[in-house]
Amino acid sequence: MNKAVLIGLLIVSGAMGFTLWAFSSSMTPYVDIHQAEQMGTRVQVRGKILHNTAHWSFTKHTLNFMLEDSHKDEIEVVYHGPKPESFDTAPETAATGIVQKQPDGTLVLESSSMVVKCPSKYDDETKSALRGAYGKA
């Protein structure tokens with residue numbers, strides 16, 4: 001094999017390896033609340049927003065609310081940033097941050113990033129009608 005081709009393949013392989021390493025280290029895994037507590041690193045917790053617990057602080061620019069994961073475990077989320085426009089009608093969210101243990105022993109997910117799930121565009125009747133109209137029962 002030609003020496004130039006071999007050097008080129010090594011450079012391309014090295015660049016691909018570095019790209020994969022950089023990409024994988026920037027990914028934040030989805031975990032449940034129990035796993036997030038155990039990990040102690042930046043994680044994404046997906047769950048149901050308990051709207052009756054939500055409080056927006058205009059002075060601190062923080063949104064506090066309780067989040068319930070698929071195992072029915074709950075955690076307080078303190079989101080630092082602008083309140084998402086569709087938060088009040090969103091059924092679920094994925095909050096990214098680090099779980100912190102407070103002095104009183106409670107757990108808080110200190111979040112710097114949050115993606116809210118948009119509420120359904122159609123109600124169940126409309127969805128059923130659409131499925132029937134297109135032959136997808």
### Message
Quick query: amide H of K117 versus all other amide H atoms, modeled in the peptide plane; which residues come in under 5 Å with a sequence gap of 5 or more or a different chain?
### Response
E92, T93, A94
### Query
Can you work out ³J(HN,Hα) from phi for every residue in the stretch 12-19, in order, using Karplus 6.51 cos²θ - 1.76 cosθ + 1.60 and θ = phi - 60°, giving whole Hz and x for Gly and Pro?
5, 4, x, 5, 5, x, 5, 4
### Message
Can you work out the Karplus-derived ³J(HN,Hα) for every residue in the stretch 37-45? Use 6.51 cos²θ - 1.76 cosθ + 1.60 with θ = phi - 60°, whole Hz, and x for glycine or proline.
### Response
5, 6, 6, x, 10, 5, 9, 10, 10
### Message
Could you tell me the extents of the stretch 29-116's C-alpha atoms along the three principal axes, largest first, rounded to whole Å?
### Response
31, 27, 21
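Throughout, read-outs are computed from the coordinates displayed, never taken from laboratory work. A quick note: this is a predicted structure, and the numbers were derived from the prediction, not measured.
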